[in-house]
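Here is the structure we will look at.
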Amino acid sequence: MDEKDYSYANARIRAMKSRLLDHHALNELTNKPDIDTLIASLEETAYKNELQKAGVEYSGILQVETALRRDLVVSFRQILRFFREEEERISIRIILNRWDIQNIKTILRGKKINAHYDEIEENLVPAGELDYAALIELAHQPDIRAVIDLLATWRIEYARPLTRKLQEYLEKRDLAILEFALDRFYLENARSAFTGDDNYNQGIVLELLKTEIDVANIRMVLRVVRDRIHVEEPVEYLIDGGKYLSMDQLVQMLAARSLEEVVKELIQTPFAFLAEVGREDIIQERVSVLERELELFLIKKGSGCFLKDPMSIAIPVGYIWAKQNEVTNIRIIARSIIGDVPEKEMQRVMTYV
């Protein structure tokens, strides 16, 4: 794609970015007394059209969830239409396909705890290759094996890593086995989609993918250390090709005796921020707290692409991450209002970029 084409597409995307809610606007939403007041405020934003359409079928939290889901899909599909060249479309699809991974994980987690399919459906966002109808059918399957079997029947590529690891999961009942298999498959395939040419635009997406590999590896290390898993073959637990952490560093961390040791090993890396997590959380081995900080790091890195060359793929990549984060924040607000969560607590778990 030449500079002229990027100029048109990115001008449109920057206009979309201007409609994202800033820090102040998000905080204003957190003080709404009820869900109807929240909806009224959101109808004064870019979500107006989808809220009004959703209002024909739903009300309350379901209206908000439906509108947010549809708006996100519409926005991402619109970005794809701005780009005609296959190289750019591949890069954007790689970013969007993170949603396929997240949706499959959501379904697997729901099946693991025997959640009703309505609960699972509320958390699905069909922004990747799997459309809403496919995701709904997966959510209606009776168990994890059936979900994987249906993916295999449809010849969806994500069935391959899940099928290979199904027996191990059935023996250990640790969902991290299937989730890491999905992460590995997605990240390794995404990385191999690039030619290796010295291409600035590919480099932007590749840098994010390599950072995601680091994050996936750290997550696995944290779980291995917390659960005191004896590792004979480190390669089975790690993904090669991260940006900041070598395999030698990761193997050394796998042998750590506590999460505190892992965090100390990361002090001289860009992941030193994990040491700022409350000491009690680290001592009590609350992996979810550390994982949230890692996700925040990824969100800020992805959204930070807005600061890169305005005539490059950095603008759509930055928008996708920022838009995803905004929708997540609004969902947190809506659910917190329903659950009568205090405003300060609500803001504490939100991510501002």
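The values are calculated or read from the model by the stated rules, or taken from the named source; none is laboratory data. The shown structure was predicted, so the numbers you read here are calculated from the model rather than taken from an experiment. Using ideal geometry, Cβ is built from the backbone for each residue, glycine included, and neighbour counts are taken over all protein chains shown. Just the protein is used for accessible areas: all its heavy atoms, side chains included, with ligands, DNA and RNA removed. Shrake-Rupley method; radii C 1.70, N 1.55, O 1.52, S 1.80 Å.
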**Fill in**
By the Cα gyration tensor axes a ≥ b ≥ c (a/c under 1.5 gives rounded; else a/b larger than b/c gives prolate, otherwise oblate), the shape of the chain is rounded
**Item:** Residue-span extension gain [ASN199 to TYR244] - 0.36 nm each, minus C-alpha spacing
**Value:** 14.2 nm
**Message:** Residue by residue through the range 100-105, what is 3J(HN,Hα) from phi via Karplus (6.51 cos²θ - 1.76 cosθ + 1.60, θ = phi - 60°)? Round to whole Hz and write x for glycine and proline.
**Reply:** 4, 4, 5, 5, 5, 4
**Fill in**
For the chain, dividing by residue count, accessible area per residue (probe 1.4 Å) in Å² works out to 48
**Complete:** From DSSP H assignment alone, runs of 4+ in the chain each adding -39500 (n - 2.57), the sum over residues rounded to the nearest 500 puts [θ] at 222 nm at -21500 deg cm²/dmol
**Message:** Output needed: percent of Cα pairs per 5 Å distance bin for the range 101-146, bins running from 0 to the one holding the longest distance.
**Reply:** 5, 26, 41, 20, 8, 0
**Prompt:** Label GLU207 and ASP36 with points 7 Å out from Cα along Cα→Cβ: what is the distance between them in nm?
**Reply:** 4.9
**Message:** Taking 51 Å as R0, compute the FRET efficiency from the Cβ-Cβ separation of ASP309 and ILE267 and round it to 0.05.
**Reply:** 0.95
**Prompt:** When every alpha-carbon pair in the range 1-160 is counted, what percent end up more than 19 Å apart?
**Reply:** 64
**Neighbour cut-off at most 13 other Cβ (10 Å), DSSP loop, trypsin sites (Lys or Arg not before Pro), the range 1-75** = ARG19
**Request:** Could you check how much of the accessible area of the chain is carbon and sulfur, as a whole percent, using a 1.4 Å probe?
**Result:** 47
**Item:** Qualifying lysines (Cα of each under 23 Å from Cα of LYS308; at least 8 residues distant if same chain)
**Value:** LYS4, LYS17, LYS210, LYS243, LYS300, LYS323
**Prompt:** By its C-alpha gyration tensor, with a ≥ b ≥ c as the square roots of the eigenvalues, how is the range 1-61 shaped: rounded for a/c under 1.5, else prolate for a/b larger than b/c, else oblate?
**Reply:** oblate
**Message:** What does the charge count around ALA272 come to, taking other residues whose C-beta lies under 12 Å from its C-beta (Lys +1, Arg +1, Asp -1, Glu -1)?
**Reply:** -2
**Request:** State, to one decimal in nm, how far the label point of GLU232 lies from the label point of GLU119, with both points 7 Å from Cα in the Cβ direction.
**Result:** 3.7
